[in-house]
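Student: Right, I'll just put the structure down here and ask away after.
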Amino acid sequence: MANIKSAKKRIKVAEKKAERNKAIRSEVKTEIKKVEAAAAAGDKAAAEAALREATSVIEKAGSKGVLKKNTVARRVSRIAKAANKAQA
């Protein structure tokens with residue numbers, strides 16, 4: 001355990017950031033699952049709505065530094081592809 005005051009503070013800050021990042025990643029996964037479920041069901045309207053919401057959540061995670069730029073692009077691309085298959 002840290003003895004120095006600044007080290008104790010860094011531990012607290014790191015824990016808070018880890019919790020925040022975990023919550024954001026969890027939300028991203030949930031939104032992706034919603035898009036995939038709507039696409040699998042073949043519901044065009046629901047897939048489009050879920051895609052809009054998921055894209056927004058994923059891009060926010062990228063802007064906050066939780067996900068890297070290329071990871072954001074890859075995930076958005078994959079769910080858009082899945083949503084488009086539901087429409088076809």
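Student: Which value, in debye to the nearest 20, gives the size of the charge dipole of segment 43-88 about its Cα centre, when Lys and Arg are +1 and Asp and Glu are -1 at the Cβ?
Tutor: About 280 debye.
Student: Further question: So for the pair Lys60, Ala14, with labels modelled 7 Å out along Cα→Cβ, what separation do we get in nm?
Tutor: 2.8 nm
Student: Note down the relative contact order for the chain as a percent, whole number, built from C-alpha pairs under 8 angstrom at least six residues apart.
Tutor: Worked out over the chain, it gives 33 percent.
Student: Restricting to Cα pairs below 8 Å that are 6+ residues apart, what does the relative contact order work out to for segment 43-88? Please round to a whole percent.
Tutor: Value for segment 43-88: 56 percent.
Student: For each pair in Lys34/Lys69; Lys34/Lys81; Lys17/Lys81; Lys44/Lys64, compute the distance between the two Cα atoms and list the pairs where it is over 26 Å.
Tutor: Listed pairs above 26 Å: Lys17/Lys81; Lys44/Lys64.
Student: Kindly provide the helix-only [θ] at 222 nm of the chain, computed as the sum of -39,500 (n - 2.57) over DSSP H runs of four or more divided by all residues, to the nearest 500 deg cm²/dmol?
Tutor: Using -39500 (n - 2.57) per qualifying helix, the result is -30500 deg cm²/dmol.
Student: Given charges of +1 on the Cβ of Lys and Arg and -1 on the Cβ of Asp and Glu, with all other atoms neutral, how large is the dipole of the chain about its Cα centre, in debye to the nearest 20?
Tutor: So the dipole magnitude of the chain works out to roughly 740 debye.
Student: Additional query: Calculate one ³J(HN,Hα) per residue across segment 15-24 by plugging θ = phi - 60° into the Karplus curve 6.51 cos²θ - 1.76 cosθ + 1.60, and present them in order as whole Hz with x for glycine and proline.
Tutor: Calculated HN-Hα couplings, in order: 5, 4, 5, 5, 4, 4, 5, 5, 5, 5 Hz.
Quick note: the coordinates plus some simple rules give every number you see, no bench work behind them. Everything numeric here is computed off the predicted structure, so don't read it as measured data. Cβ coordinates were reconstructed from backbone atoms using ideal geometry, including for glycine residues, and neighbour counts include every protein chain displayed.
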